[in-house]
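The values are calculated or read from the model by the stated rules, or taken from the named source; none is laboratory data. It should be emphasised that the depicted structure is a prediction, and the values quoted were computed from it without experimental measurement. Here the Cβ is made from the backbone with ideal geometry for all residues, glycine too, and neighbour counts use every protein chain on show.
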Amino acid sequence: MDRKQFLSRSLKVTVGTFLAGPILATTTGCGDPDTPGNSGPDGSTPPEPGFPPLVLTQVEMPYAYTALEPSIDGMTMEIHYTKHHAGYVKKANAAIGDEGVSVANELDLMGDIGKYSATVRNNVGGTWNHNLFWEVMAPGGTGMPDGKVLDALNAGFGSFDKFKEVFAEASMKRFGSGWAWLVEQDGKLAIGSTPNQDNPLMDVSEFKGKPLLALDVWEHAYYLKYQNKRDEYVANWWKVVNWDAVAKRLG
């Protein structure tokens, strides 16, 4: 082989090497549906791998359905828990599966809830909100708060009575269905409300914070006993608030 033939053959090999690199890399990236950021066969972006399917659960009712009487009647509690709350859990898990939601836990899901459908948003919220609602109530309540909860309420609102007044106002001014909340925001307490099944942990919520206390002001929570008298429902609800549960949630 003379020098001219050697240089010609070397040039062909070199050009082939530069062309092969990008072609192989592109083929591997587009053809592997498990590679994050690549499109699947239908052109969609697959969920990030690594998280097992998220399954939301309904907490076990911590007391009998009649235990909160006369503040909340037993029939309302039974229907609320077995029909409304159970329905949210079932629909939430179905929607999570149908939409291929891939997240580590429900808090991460709510923090990014705006990315998903209204079905996911409403039913995940309905599941989480009610799990908290049952927790922050107890038969006979626990009287007035004390210790760090009372200190925080006094610091934030001037007095316990003033706190109740502001909270009741938020409950009454929520037009239609929704929730009233006591939350912690950067070490301070705040009161607000959210529509439908939104909550302060959701990225789409205008009112944000760490929930400490929640009141369901959907009509299904009180209509059998109070009809349209939401104010009476709110006034009697204070008698069953579980302040010990609130204290556990307070940082």
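When you go through (1) touching a Pro at 6+ places or on another chain (Cβ under 9 Å); (2) farther than 28 Å from P70 by Cβ one by one for E206, which number turns out not to apply?
(1)
Quick test for you: out of D186, D203, D198, pick the one residue that is of a type in the set (D, E, K, R), touching a Lys or Arg at 6+ places or on another chain (Cβ under 9 Å) and surrounded by fewer than 18 Cβ atoms within 10 Å (Cβ to Cβ). Full working, then the answer.
Details: D186 fails: touching a Lys or Arg at 6+ places or on another chain (Cβ under 9 Å); D198 fails: surrounded by fewer than 18 Cβ atoms within 10 Å (Cβ to Cβ).
Residue meeting the stated conditions: D203.
When you scan segment 167-191, how many residues do you find that are part of a strand (DSSP E or B) and touching a Ser or Thr at 6+ places or on another chain (Cβ under 9 Å)? Quick ask: steps written out before the conclusion?
Residues of segment 167-191 that are part of a strand (DSSP E or B), as a first pass: 178-185, 188-191.
Narrowing further to those that are touching a Ser or Thr at 6+ places or on another chain (Cβ under 9 Å): 178-181.
Counting residues in segment 167-191 that are part of a strand (DSSP E or B) and touching a Ser or Thr at 6+ places or on another chain (Cβ under 9 Å) gives 4.
Within segment 191-200, is even one residue in contact (Cβ under 8 Å) with a residue 12 or more places away in the chain, under 21 Å from N123 (Cβ atoms) and more than 17 Å from the chain's Cα centre (by Cα)? Give the steps one after another, and end with the answer.
Let us first name the residues in segment 191-200 that are in contact (Cβ under 8 Å) with a residue 12 or more places away in the chain, namely 191-200.
Filter once more, so that each one left must be under 21 Å from N123 (Cβ atoms): 193-200.
Checking the rest, the ones that are also more than 17 Å from the chain's Cα centre (by Cα) come to none.
Checking segment 191-200: not a single residue is in contact (Cβ under 8 Å) with a residue 12 or more places away in the chain, under 21 Å from N123 (Cβ atoms) and more than 17 Å from the chain's Cα centre (by Cα).
Inspect all residues belonging to segment 79-100 and state whether any of them is of a type outside the set (V, I, T), outside any helix (DSSP H, G or I), over 13 Å from the mean Cα position of the chain (by Cα) and at pLDDT below 95. Full working, then the answer.
Step one: filter segment 79-100 for residues of a type outside the set (V, I, T), giving 80-81, 83-88, 90-95, 97-100.
From the residues that got through so far, the ones that are outside any helix (DSSP H, G or I) too are 99-100.
Filter once more, keeping what is over 13 Å from the mean Cα position of the chain (by Cα): 99-100.
The next check asks that each one be at pLDDT below 95; those that pass are 99-100.
Yes, because at least one residue in segment 79-100 is of a type outside the set (V, I, T), outside any helix (DSSP H, G or I), over 13 Å from the mean Cα position of the chain (by Cα) and at pLDDT below 95.
Give the residue, chosen from D161, D244, that is acidic (D, E), surrounded by 14 or more Cβ atoms within 10 Å (Cβ to Cβ), in a helix (DSSP H, G or I) and more than 21 Å from the chain's Cα centre (by Cα). So that I can check it myself, show each step before the final result.
Working: D161 fails: surrounded by 14 or more Cβ atoms within 10 Å (Cβ to Cβ).
The unique qualifying residue is D244.
In the list V234, V149, which residue meets the criterion of being closer than 25 Å to Y65 by Cβ, at pLDDT 95 or above and not in a strand (DSSP E or B)? Before you say what the answer is, go through the steps one by one.
Numbers: V149 fails: closer than 25 Å to Y65 by Cβ.
Selected residue: V234, the only one of V234, V149 that is closer than 25 Å to Y65 by Cβ, at pLDDT 95 or above and not in a strand (DSSP E or B).
Of (1) in contact (Cβ under 8 Å) with a residue 12 or more places away in the chain; (2) within 23 Å of A235 (Cα to Cα); (3) not charged (D, E, K, R), Y116 satisfies all except one. Which?
All conditions are met except number (2).
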